[in-house]
Every structure is written in C-alpha cells, then in structure tokens.
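J.: The structure's right below; bear with me while I get my questions together.
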Amino acid sequence: MIIINNIKLPLDADLNDVFSISSTKLKISKSDIISAELYRKSVDARDKRDVHFCVSIIAQVKNEAQVLKRYKNATPFTKKEYVWQKGESDIRPVVIGFGPAGMFAALTLARAGLKPIVYERGADVDTRTADVEKFFAGGAFNPESNVQFGEGGAGTFSDGKLNSGIKDIRCRTVLETFHEFGAQRDILIDAKPHIGTDVLKTVVKNIRKEIISLGGEVNFYSCLDGVYFEGNKLAEISVNGKKMPCEYLCLCIGHSARDTFKMLYSSGLEMIRKPFAMGVRIEHLQSEINKALYGGFADHSALKAADYKMAVHLPNGRGVYTFCMCPGGEVINASSEQGGIAVNGMSNSRRDGANANSALLVGVNPEDLQCDDVFAGCELQREIEQKAYNIANGAVPITTIGEFIFDKKAEIGAVKPTVKPIYAFADFSDIYPKFIVESLKDGIKEMDKKIRGFANPDAILTAPETRSSSPVRIVRNEAGESVSFGGIYPCGEGAGYAGGIMSAAVDGIKSAEQIIISMHNS
C-alpha cells in the first residue's frame, strides 16, 4: 500500500476517478493499480489566480518498490487501526456528562464490556432541540435544557467542526466512529471536516443507542450534586439528591457547569485557574468571504462555503484570534443561566446560510483577574453575561463594525443579524473590560489586512462570546486521575483538557482507557 501526496488538481477534476488520477501521477497503466481511494482533500487558495484541489490517494499497485523509487511523492502507507480495549469487572463505571468527552468515554467503556452508567443533567437531543427552538422563537428559557446542557453537549448546536491541532491515532477513530453512526463520508476525507448541527443530532442519538445495546445506561435530567470519599478514594456520589456507590467516575461536565465546579472544589478536588478567552461573534456576508478567499473562483460549483482561521499579536502583548468559524451559519443565543447572555455559532451540514460568522476572541490570563479566587474567571464570565443581558433588557446585544471602530451610527446594512429571538444595539464598552474592547478593535483592523473587507462597516458584532473554553482546570496526574482522590477521572473541555469536539472526544477515549487499566489492576 502506498500514499500519493500533493496531487494538484483543477476544480473541474473528477475526484471519483481515482484510478485515472493515480495512473497519470504514477505514470503507470490502470491495469497496474489494484485498488485506489481518495484519502485527503483540501483547497489551496493561496494564489487567487490558481485556486485548486490538493489531494492524497492511497493505492495498491503492482511493482510497488519500482513505483516508490520512481515517484518522489509516493511513500509506503500502513493504515493504523485503533483497537478498542477490553475489560472485565462487575463494577460499573459512571460517566458524568454526555457531550463529546462523555459520549466517547461511555462508548469506549461500553465496547470494553463494562456497561457504564451515564448521567446527563440536560435533556435528550430531541427534547432539547424542541426546547431550544421554542427559546429561539421567543419562548421561555430552560436552564437545564438549552444550547449548553443536554445530549451531545454544546457541540450539538455548533458547526460540528472536527479539525484539531492534536496528533493522535484516536482522531481518526473519532472520525470513523462519527461516520459509522451517521455522519457523511466527507469527514474522512476533508482536511477541515465538519458534520453540521442537523446531522450531529442524529449521530449522537445513534451513539447513545449503541451504548445502551452494549448494556450501558444513559440517564437524562440527572445532575451530579455530591461526591463522597473513604480516605483518599471515591466511595459514593449523589445524583439529584440520591446517593449511590461509585468507585470509578469519569467527569465530563463541560465548560458551563459552574455549580458542579464549585461542588467539586468544596468537596476537596484540587482546581487551578487557567488562561481562557472571551470576545464577540462577527458576521459577514458569506459571499463576500468567498470572494475574499477564492477570488475569481468564488462562484465555482466545486467549492464549498469558504472558511478562515486567523490570529494576530498586538503591540499591547495580547493575542486576538478567530475560533469556531461557521460558514453559511448563524449566531445563536447559547445562554445557560437566567439573567445572562452568551452567544455561539452554528451551521447546518450544507452551510448554505447567507452569513459567515466566527468567534473573535481575546486571551484572558489569570493575572488579568481582580482576585486570586480559583473561580475568578467564571465570575468574570458571569459578570459580562449579566451586563449584556441588562444593557439590552434581555435581548442579545449587537453593534456594527462601523459603530464599534469608525464611530458611525449603528444601523443594519447589507449584513442582517441572525441571532434569535431578539437583538438590540448596545455600547460594548459597557459590557467588557477595557482591555478586551481595545484589543478587539485593534485585532479587527489587523485581520482586515489578511482578509480584505473583514473590517467592513456593515459587519455585525454580537455579544458576548464567553464560553469558548473553561477558566479552570481540575488537576489530574499522568494516569488521568484526580490528584486529590483516587477513582475520579476529570476530562474534556470542562476539566480544562480540551478545546473542541475532536480534542474532547479523544480525551474521553483516553480517560476511559485509564479507567479500564485501573479496573484491571485493582
């Protein structure tokens, strides 16, 4: 087996005809190719006059040694297969939370034969979707069933982005698992894979059904409210006020479970502050982003909605960066507490909405906070969210780049806000600390040098984006176990060890593996 890398192809190329592409690149006949399949695809748009695909193909060929010697961009290839671990115990491990980390931790434990018990404080995805849609339509807010809490976690109402900076064999396993349970095959090939919230809702249900079919349990509206120890080891937990024995607990609580953070800290779990980020959502017309990134190829039928990822370092020493960019998506009200506003971005699988949106974030370090309390970051998040709620009388605060940077009167232009149910113009300097406001202004100007039109006065800013990552970390040792008490395995975004669906899912798998090892050794 070989992999043929760096194959440059025009946008009109037939990517299904991998035998012809391989034959041409390797300069061998089709009859010498035993099998071939597209392995990776990306768009190279660095030169706007020559936007093209760059692909990799894996193939079996006759006379492999000769082919490898002759063609420099072909190398030996061996598929690395992840082996789901097996375990044996009458003790059932407990998983708290059913976001990406919790889902993959529970799936790993279930496939090991350990019949995990999952407790998720929010609703199942169908009930949760109905609650969120009612809220977006102007209905009541449900603090236990919303964009943050419920089956699938915050990622269920997002772009379903699956790219990550981590290098781990489990990344491919996560992609293959999502595909196995209903995600489109493109996620196995695209350099920047995404599922889309519409498809992800079905995928998470199918993963839940698999866990149950293997003897696991998934319980909704079930909030962890106590942990109890014998010596330095976990002995019991409490869920909805009911105590039960528990020796192995995988904590996948998500970055918005502030009440659970405080309960765990008061119970003796060591936590520390960590850097995080806050900012806004920025919306442009997707057509303008396409033109800026694809040039004259912007309307080509082979190209999907363009995305971007940028970071700038400012003279004041701070970094400003984009995060979770949602092509053809919408900004959503992602609040999880009454009397507060938090926003996020979301796209469906087709990414066919009129607007592009992205988080635009400023780094916040522990030394920026006014006190040494471990929860100072959480309190700053809450303070900003409450200010946003109050300044707009419960509506979602918005402004324009024109007003924010160029002191023009704020009014809706070419870009129409997508956030629901209602929005209102607001002065963002009354919401954020000065260092965030000034950094956002300078960052937008710098990013306009990278993507022409990024500082378009009609672009919409929506506030506040506060939940990009957890401000705290539950400290764990090299075995993934809490340094304070044995039997507790903190993982995922909420525990401070991940930043997105992919990295959280991988961390969930690794935490489950550590539990399996610990159960085997006990």
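Residue-wise test of (1) assigned by TED's automatic domain parsing to the domain that holds Phe323; (2) at pLDDT 95 or above; (3) closer than 29 Å to Ser347 by Cα.
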position: Val174; (1), (2), (3): no, yes, yes
position: Thr177; (1), (2), (3): no, yes, yes
position: Tyr221; (1), (2), (3): no, yes, yes
position: Asp225; (1), (2), (3): no, yes, no
position: Lys233; (1), (2), (3): no, yes, no
position: Met244; (1), (2), (3): no, yes, no
position: His255; (1), (2), (3): no, no, yes
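J.: Does the stretch 99-113 contain at least one residue that is part of a helix (DSSP H, G or I), farther than 29 Å from Thr322 by Cα, among the basic types (Lys, Arg) and at pLDDT 95 or above?
T.: Taking every residue of the stretch 99-113 in turn, at least one turns out to be part of a helix (DSSP H, G or I), farther than 29 Å from Thr322 by Cα, among the basic types (Lys, Arg) and at pLDDT 95 or above.
J.: For a quick check of your reading of the model, give me the residue pairs whose first member lies in the stretch 235-246 and is within 12 Å of Asp225 (Cα to Cα), whose second is β-branched (Val, Ile, Thr) and surrounded by 12 or more Cβ atoms within 10 Å (Cβ to Cβ), with beta-carbon atoms closer than 6 Å and at least 6 apart or on different chains.
T.: Ile237/Val227
J.: While we're looking at this one, here's another question. Only one of these conditions is not met by Lys304: (1) assigned to a loop (DSSP other than H, G, I, E, B); (2) within 24 Å of Glu446 (Cα to Cα). Which number is it?
T.: (2)
J.: If the Cβ limit is 8 Å and pairs must be 6+ apart or interchain, which residue in the stretch 278-304 that is over 24 Å from Val362 (Cβ atoms) and of a type outside the set (Val, Ile, Thr) pairs with which residue that is part of a helix (DSSP H, G or I) and modelled with pLDDT of 95 or more?
T.: Ala298/Ser287; Ala298/Asn290; Ala298/Lys291; Asp299/Asn290; His300/Tyr294; Leu303/Asn290; Leu303/Tyr294; Leu303/Phe297
J.: Continuing with this model, one more query. Looking at Pro417, Pro421, which is the one that is buried (at least 17 other Cβ atoms within 10 Å of the Cβ) and not in a helix (DSSP H, G or I)?
T.: Step by step, each of Pro417, Pro421 is checked, and only Pro417 is buried (at least 17 other Cβ atoms within 10 Å of the Cβ) and not in a helix (DSSP H, G or I).
J.: Run Ile422 past the list (1) within 23 Å of the chain's Cα centre (by Cα); (2) under 17 Å from Arg281 (Cβ atoms) and report the number of the one that doesn't hold.
T.: All conditions pass for Ile422, except number (1).
The values are calculated or read from the model by the stated rules, or taken from the named source; none is laboratory data. Every value quoted in this text rests on a predicted model; they were computed, and no experiment measured them. Virtual Cβ from ideal backbone geometry, glycine too; neighbours counted across all protein chains shown.
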